[in-house]
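Reviewing the structure listed below.
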Amino acid sequence: MNADWDEIKRLAADFQKAQLSSTLARLSERNCVEVVSLLLEKGLIDLVFTTDGKEYLTHDQLRKEIEEELFVNGRINLVEITKTLNVDLQKIQPIAEIIAQEDSQVTLILGQLISSEYIIRVASEINERLSQNGEINISELTGAYDLPSDFLLNEVVQKNLGKVIFGKQDSNNPRLLYTPAFITRCKAKIRGALNGITKPTPVSAIISQIGMPERIFFSLTNDISSTGTMTSRSAAGVYVPHIYTKTQIEWVKSFFKQNGYLEYDSVAALGVGDAKQFILKQLAGEKLTFLDRCVVGQRMIDQVESTLEESIATSSFLDVSTILPSAIAGEEDVEKLIKIVLTPSKQRLTQVFNNLVLTTKYIDNLLKPVYEIGDVNAKTSVDSGSYQKYIADKTIKHKDGEIDEQISKADKRDERRKKAASGKAGGGAQGRETKTKSTKKHQRGNKNKDFDDSESEEEVQNATNNKKKASKDAQLTLVSVGDIKKVIKMTLENDGLEELVTEIANYYQMQINKYAMNKAQEMYEVSLQNNMQNRKQTHSTLQDKLNNYINDIRLYEKGLKMFTSVDVQSQLSKYLLKSLGSEFCNEITYYVALESDLNFASSINPQLTNEQKNRIIAECESIFKQPLTTLHKSLNENIEEFLTAAENMLGICSMILKKIDKKKDKQIILMHKQGLLDQLYKCNEPSLVLHLACLIIFTIGTGCMIHASGKFVSTILDFLANGLLSDEDHLLLRKFHDLVLQHFKADNDEVRAEIITKLDEVIPKAKDMAANYKKIGKNNDKEE
């Protein structure tokens, strides 16, 4: 080894000698390269080549140059120094690691060598920036110095804090630095803002106003003697100053003491979340009543109670809303107060309508005239027969209901028998029938013979409800709501209670109507006794009335036969039977009901419905059934059959059909004509004037009566044109007829007004013509 080293020294001396010698004695560049290569191959030297391969240097020289760069710059990037030293990064990296390991003042981080002097310089810059801004965040320095935040925090800040960097780390976030002056300034801002607030304020608004980060605000508020409380330690919270809470309490107590009540909305407007709990807490010693919109004290209830007692004593009424503040004007709150004040004893003396409390004496005086009307209407209903009709309808429906109920019960019994029969077939016990004792409790002494113990309670309840419903549906109205309104309206308007007219009328209508019905029943029972005495007199009167019907029908039949058209005769016959024939049947059917004791007991004939007529025919005595049925069927046949059936029915009813008297017939025709003329003078309705004029002219012209409705006017005009009217009169009536039709069809107000004007001109002429009409003879001479 020593020999080798001696050889190296010799070669180095020769090499140096060659270099110092003249050009002719120096080695060429190629020879030098070969010599260095030989030394490197034998491992006698260790060199570092530059990236271009033209130069080389020893490791010590490379380290020296790196250290010199670090000394000059304080911080070098290994990638950048490769360009400066022209040495590959792989050669520089190990040397940089060695330098960092051996020198405690040097740090290798993220491919960079950083000296302690550079760290001190960075710390000085951080301190300068901290002094300017008052606060600094390590995260902001990371981007500025291109160094990891942990390195800046641990190696730069914490090691130099209090030495080079004069500040304070945040206790919650050590990456934040503050100066003492900045902390003092922030505390002053927070203290001033909180002391100046007098009402609940959002924390976000406070932070925005003082221009301070949230983290600093919440970290410093604990160090300040706060004059209020925060609902939440976040920007969404609200700061409530103590002075505001004190003001709330004072306002609530003062308002309640002066007024005796508190509105929830008013308390909530003060910023109180749960108004009821707040009031209950602050007024713990008071006797409170919580309503829907407010809370009232005992003083308010005592005031209402004393006023109500005064109203009861004076037989008047009380509008509770007038003695209460406007805040308690809600219907639900007033109703609750009224319920509290109205004890059971007071409830018997009063009646409540919304906010009004009416005493029973006031109501009695108010409704006294209505009860008098009930007496009058009860008498009128009995006299007119409407009450008797109601009794008849009720009886019919009751019997129908009983029949349906019996049929239903029979069907159910049959169904149960079938089920029982099917259940006996088969089974155990050797096919024998086995009896089981019923465990159902049977009622003793049940007076209702129709009641079947096997029926379920549900069926019985349904039957009861149906009876109640049928009874309600058949109720007769003797005193209506309108009648009550007319009587009580003026009194209530004078007392300023006009809004209760409808409500009181609806409330007491059933009660008053029931009273009137009881009165009508009493009068009806008395009339039953009186009608038995008047039965004979009624028979004679009815006989004359029915004879008049038959005689009128016979005379009208003679008039309709003046028309040559069979179709016209048929239509007029149907109309005659439908009107006068039906009235005849109605009268005699009612008489049969009286004779058969079917709850028709009025001397004045009511208008019977088809259902009532059919019921009377089905339930009357057997002697009346067939003739009465034939009579009703004849209404759909011709007049001759009807008159035959009517004559037969009169005989069954022990009534005499009077013989035809031609003199009396003429008198009847004259009276009929005069009656039509009287109607014509009083009438101004165009269609009715035309109808009456045609009937009058027909009666005078033919000497016969005609029973026709308005739809036959055109037919009658056609008949009168054939020798009974002059051309002038016929044209007048035709014009009148056309104007009436146009008036009915007109859909324009202007057209209708124009037609009415023309009608006003024609009507007097038509009346005059009908009143002065004289029959035209064959030679066109007029005779009476």
Matching residues in the stretch 317-350 (without any contact (Cβ under 8 Å) to a residue 60 or more places away in the chain and part of a loop (DSSP other than H, G, I, E, B)) number 8
Of (1) closer than 26 Å to Lys574 by Cα; (2) assigned to a helix (DSSP H, G or I), Leu739 fails just (1)
Spot the failing condition for Leu349; the list is (1) farther than 30 Å from Thr477 by Cα; (2) open to solvent by 20 Å² or more (accessible area, probe 1.4 Å); (3) among the aliphatic types (A, V, I, L, M), and only one is missed.
-> (1)
Out of all the residues in the stretch 265-290, which are touching a residue at least 12 places away in the same chain (Cβ under 8 Å), open to solvent by 80 Å² or more (accessible area, probe 1.4 Å) and either in a helix (DSSP H, G or I) or of a type in the set (Lys, Arg) (or both)?
-> Asp265, Lys276
Residues in the stretch 705-723 that are touching a residue at least 40 places away in the same chain (Cβ under 8 Å) and surrounded by 18 or more Cβ atoms within 10 Å (Cβ to Cβ) total 6
Filter the stretch 165-190 down to residues that are open to solvent by 30 Å² or more (accessible area, probe 1.4 Å), in contact with a helix residue (DSSP H, G or I) (Cβ under 9 Å, 6 or more places away or on another chain) and of a type outside the set (Gly, Ala, Ser), then give me how many there are.
-> 9
Do we have Arg293 as of a type in the set (D, E, K, R), more than 35 Å from the chain's Cα centre (by Cα), surrounded by 14 or more Cβ atoms within 10 Å (Cβ to Cβ) and closer than 14 Å to Leu262 by Cβ here?
-> no
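One line per residue, one yes/no per condition, for (1) among the acidic types (Asp, Glu); (2) touching a helix residue (DSSP H, G or I) at 6+ places or on another chain (Cβ under 8 Å); (3) under 30 Å from Leu177 (Cα atoms); (4) at pLDDT below 75:
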site	(1), (2), (3), (4)
Leu27	no, yes, no, yes
Ser37	no, no, no, yes
Ile45	no, yes, no, yes
Asp60	yes, no, no, no
Arg75	no, yes, yes, no
Leu113	no, yes, yes, no
Gln132	no, no, yes, no
The residue that is nearest to Gly134 (Cα to Cα), considering only those in the stretch 195-230 that are at pLDDT 70 or above and aliphatic (A, V, I, L, M), is Met212
Scanning the stretch 313-346 residue by residue, those β-branched (Val, Ile, Thr) and surrounded by 18 or more Cβ atoms within 10 Å (Cβ to Cβ) turn out to be Val320, Ile328, Val334, Ile338, Val341
When the residues of the stretch 352-380 are filtered to those that are over 30 Å from Gly260 (Cα atoms) and β-branched (Val, Ile, Thr), which remaining residue is surrounded by the most Cβ atoms within 10 Å (Cβ to Cβ)?
-> Val370
How do the helices (runs of 4 or more DSSP H) wholly within the stretch 551-645 filter down when requiring 3 or more residues that are over 30 Å from Thr702 (Cα atoms), free of Cβ contacts under 8 Å to residues at least 12 places away in the same chain and out of contact with any strand residue (DSSP E or B) (no Cβ under 8 Å at 6 or more places or on another chain): which remain?
-> 610-619, 622-633
Failed condition for Ala144, given (1) surrounded by 15 or more Cβ atoms within 10 Å (Cβ to Cβ); (2) closer than 24 Å to Ser115 by Cα; (3) of a type in the set (A, V, I, L, M), with all others met?
-> (1)
Taking the stretch 128-139, which residues are within 16 Å of Asn154 (Cα to Cα) and touching a Phe, Trp or Tyr at 6+ places or on another chain (Cβ under 6 Å)?
-> none
Kindly indicate whether any position in the stretch 718-741 is of a type in the set (A, V, I, L, M, F, W, C) and out of contact with any helix residue (DSSP H, G or I) (no Cβ under 8 Å at 6 or more places or on another chain).
-> yes
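The values are calculated or read from the model by the stated rules, or taken from the named source; none is laboratory data. Everything numeric here is computed off the predicted structure, so don't read it as measured data. Cβ coordinates were reconstructed from backbone atoms using ideal geometry, including for glycine residues, and neighbour counts include every protein chain displayed. Calculation scope for accessible area: heavy atoms of the full protein, side chains included, ligands and nucleic acids excluded. Shrake-Rupley method; radii C 1.70, N 1.55, O 1.52, S 1.80 Å.
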